[in-house]
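Structure record follows, encoded as structure tokens.
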Amino acid sequence: MKYYTGRGDDGSTGLLFTSRRVGKDDPRVEVLGELDEAVAVLGLARAEVAGAGGRWERVVSALLHLQKGLFVAGAEVATPEEGWERLEEGVSRVTPAMVAGLEEAIQELGPPELPRGFFLPGETRQGALLDLARAVVRRAERRLVSLARAGGLAPGSVLPAYLNRASSLLWVLARLVEGSGRPLRG
């Protein structure tokens, strides 16, 4: 069995629901790369948090849920305009319910009071990995904004809000596993 096709050797890649190919440096593919990196970093963070014991079971669950949601986000991004009518909610299109789910997790897992100040990653290895994942999601969000401004998202897409909430959730999770950490002063 071959684990490669060779079709991308010319620097192009295929998109969903179309036979069209675009360059691997296309803005849509840039967002896909950022989402792929986010899923990978989340996997590393999830493995690290899971290795810390059962007390972080809810964090591990939230990270797995977020990884799956980012796959849905990737499918939406990978679909150009000619395929938008084929997007399926929760499978290849992020839904308002998915955004609401992240908001619920933020409220459930966040501290009772918003910590003040800036936090320097590294209080714990788990927290640092969650902060790294947050930074990667924020980069994906910035690339997505560019794609959206160029008309690259389906009308009514909630994907920008989803990535924004995802980064907020990761910030909350990092503070949780660090015990809120130590804010920088002065």
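The values are calculated or read from the model by the stated rules, or taken from the named source; none is laboratory data. Worth saying up front: this structure is predicted, and the values here are computed from it rather than measured. All Cβ positions, glycine included, derive from the backbone under ideal geometry; neighbour counts span all protein chains shown. Ligands, DNA and RNA are stripped out before the accessible areas are found, and what is left, the full protein with its side chains, is counted by its heavy atoms. Shrake-Rupley method; radii C 1.70, N 1.55, O 1.52, S 1.80 Å.
Laid out as a table, the results:
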| read-out | value |
| --- | --- |
| Histogram of C-alpha separations across region 33-84, 5 Å bin width, % | 5, 21, 25, 17, 13, 8, 6, 3, 2, 0 |
| Average Cα contact separation per residue, region 71-146, under 8 Å, 6 or more apart, as relative contact order % | 19 |
| Derived scalar couplings ³J(HN,Hα) [region 147-160; Karplus, 6.51 cos²θ - 1.76 cosθ + 1.60; whole Hz; x for Gly, Pro] | 4, 5, 4, 8, x, x, 10, 4, x, x, 4, 9, 4, x |
| Which of PRO115, GLY156, GLY90, positive extreme of dipole for the chain (C-beta unit charges) | PRO115 |
| Region 88-181: mean projected area of Cα convex hull, nm² | 6.7 |
| Length-normalised contact order of the chain in % [C-alpha pairs under 8 Å, at least 6 apart] | 27 |
| Spin-label pair ALA47/PHE17, simplified geometry with 7 Å Cα→Cβ offset, distance in nm | 3.4 |
| Nearest-10 value in Å² for the accessible area of ARG20, using the 1.4 Å probe | 100 |
| Nearest-20 debye value, the chain charge dipole, Cβ charges on Lys, Arg, Asp, Glu | 400 |
| Peptides 56-67, 129-140 ordered by average Cβ neighbours within 10 Å, highest first | 129-140, 56-67 |
| Accessible-area composition of the chain, carbon plus sulfur, in percent [1.4 Å probe] | 52 |
| In sequence order, calculated HN-Hα J values of region 28-39 (Karplus, 6.51, -1.76, 1.60; Hz; x Gly/Pro) | 5, 6, 4, 4, 4, x, 5, 5, 4, 5, 4, 4 |
| Compactness of region 80-125, expressed as Rg and Dmax over alpha-carbon positions, Å | 17.5, 47 |
| Mean shadow area of region 1-75, taken as a quarter of the surface of its Cα convex hull (nm²) | 6.7 |
| Amide H contacts under 5 Å for SER12, placed H, 5+ residues apart | LYS24 |
| Rounded accessible area per residue of the chain, 1.4 Å, Å² | 55 |
| Alpha-carbon radius of gyration plus Dmax, which is the widest Cα pair, for the chain in Å | 17.7, 60 |
